[in-house]
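Here the structure is laid out as structure tokens; the discussion comes afterwards.
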Amino acid sequence: MQRVNLSTVSEFVFVGLSDAPEIRLLLFVLFLLIYLATMAGNTTLLVAIGTDSHLHSPMYFFLGNLSLLDLLCPTITVPKMLGALLLEHKEISFSGCLFQHFSLIAVVGTEIFLLTVMAYDRYVAVCHPLRYPSIMSTKLCAQLAVGTWATGLLNSLLHTSLVFTLSFCGPNKIQQYYCDIPPVLSLSCSSTHSRELVILVVAGVLGSGACVVTVVSYIYILLEILARNSPGIWHKAFSTCGSHLTIVCLFYGTTICTYVRPSSTYSLQWDRVVSMLYGMLTPLLNPIIYSLRNKEVKCALKRVISQVRRAL
């Protein structure tokens, strides 16, 4: 019988960003500052949601899950990238690459499904405000959160098994700063067409399904706004949904450009830029977008800061 994994490669080498020695230190400082700011912003938002009773609602429960994902996403890739930039430690073991790939795809997939759940939450809040507490019950919110995480993990398990059961017996240089699907697939010395087709179909079905639910939710929100036609309704609706819409457009656009396409269209420079957007800038911007546009979050953050000052 044919062996499932014919890999003879014991480690991979990243050549994504560390191949520019003249700006390596500058890149290290820049990405370190972005990473620290991302950690600080999302951690502060998590603390505010967890400690402030005013934010104990379905909307902020899901926002807390989003902040947790935004903590995990850069943590999976950025420390290794910083080590490559500063110490020129570019190697990663085969098992380490597998784990990094699995973790990253799990987080990205979970975030897509979570943003869909948040769109449904906004639909209920705008179209059924009186029934909102009964519809978005604590039990339903917990089930939706568990469902998004479970679906993200199962989706990642499928993708990782499809990629890392291929044969790797030739070049081991990954043209990226982390173990992503397109650059790893390009290193395989066996045929990847069937695996790529399955990955595209699964990603297309799950991604398009999540996108359809999000679009339909906002169509109903728009129809509800037009039907009411009351003064200030547009401003209220935008303040309720604007932050989520901004994050959806940014996240969906970058992930679709990166994953939902065949590896033959893979472009090194373009994909590095796009992966930076959803891998580093999106987790950084999410807490900023919600904090700047939400009075309740800003008040909660002020209370947390004042409590820390009193404790110190």
Quiz item: Any idea how many residues of the stretch 155-203 are within 14 Å of S103 (Cβ to Cβ) and open to solvent by 40 Å² or more (accessible area, probe 1.4 Å)?
Solution: 1
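Yes or no, residue by residue, for (1) closer than 23 Å to V78 by Cβ; (2) touching a Phe, Trp or Tyr at 6+ places or on another chain (Cβ under 9 Å); (3) in a helix (DSSP H, G or I):
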| position | (1), (2), (3) |
| --- | --- |
| L166 | no, no, no |
| L187 | yes, yes, no |
| E196 | no, no, yes |
| V201 | no, no, yes |
| L206 | no, yes, yes |
| A210 | no, yes, yes |
| V213 | no, yes, yes |
Self-check item: Positions within the stretch 167-196 being free of Cβ contacts under 8 Å to residues at least 60 places away in the same chain and either closer than 23 Å to L85 by Cβ or of a type outside the set (G, A, S) (or both), in sequence order
Solution: P171, C189, H193, R195
Quiz item: Of these, L114, L71, which one is within 24 Å of A300 (Cβ to Cβ), within 14 Å of the chain's Cα centre (by Cα) and open to solvent by 20 Å² or more (accessible area, probe 1.4 Å)?
Solution: L71
Practice problem: Could you grab me the full set of residues in the stretch 26-68 that are open to solvent by 60 Å² or more (accessible area, probe 1.4 Å) and without any contact (Cβ under 8 Å) to a residue 24 or more places away in the chain? | Solution: L26, V29, L30, L33, L36, S53, H56
Quiz item: What is the one condition in (1) assigned to a helix (DSSP H, G or I); (2) open to solvent by 60 Å² or more (accessible area, probe 1.4 Å) that I221 does not satisfy?
Solution: (2)
Exercise. List every residue pair whose Cβ atoms sit under 6 Å apart, with the two residues 6 or more apart in sequence or on different chains, where the first one lies in the stretch 197-214 and is closer than 19 Å to W149 by Cβ and the second, anywhere, is open to solvent by 60 Å² or more (accessible area, probe 1.4 Å) and assigned to a helix (DSSP H, G or I).
Key: none
Practice problem: For the stretch 175-185, name all the residues that are out of contact with any Phe, Trp or Tyr (no Cβ under 8 Å at 6 or more places or on another chain), hydrophobic (A, V, I, L, M, F, W, C) and assigned to a loop (DSSP other than H, G, I, E, B). | Solution: none
Quiz prompt | Test: M81 is modelled with pLDDT under 90, in a helix (DSSP H, G or I) and buried (at least 23 other Cβ atoms within 10 Å of the Cβ) | solution = yes
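The values are calculated or read from the model by the stated rules, or taken from the named source; none is laboratory data. None of the values given here were measured: they were computed from a predicted structure. Please note: Cβ atoms are built from the backbone with ideal geometry, for glycine as well, and neighbour counts cover all protein chains shown. Keep in mind that these areas ignore ligands, DNA and RNA; they rest on the heavy atoms of the full protein, side chains included. Shrake-Rupley method; radii C 1.70, N 1.55, O 1.52, S 1.80 Å.
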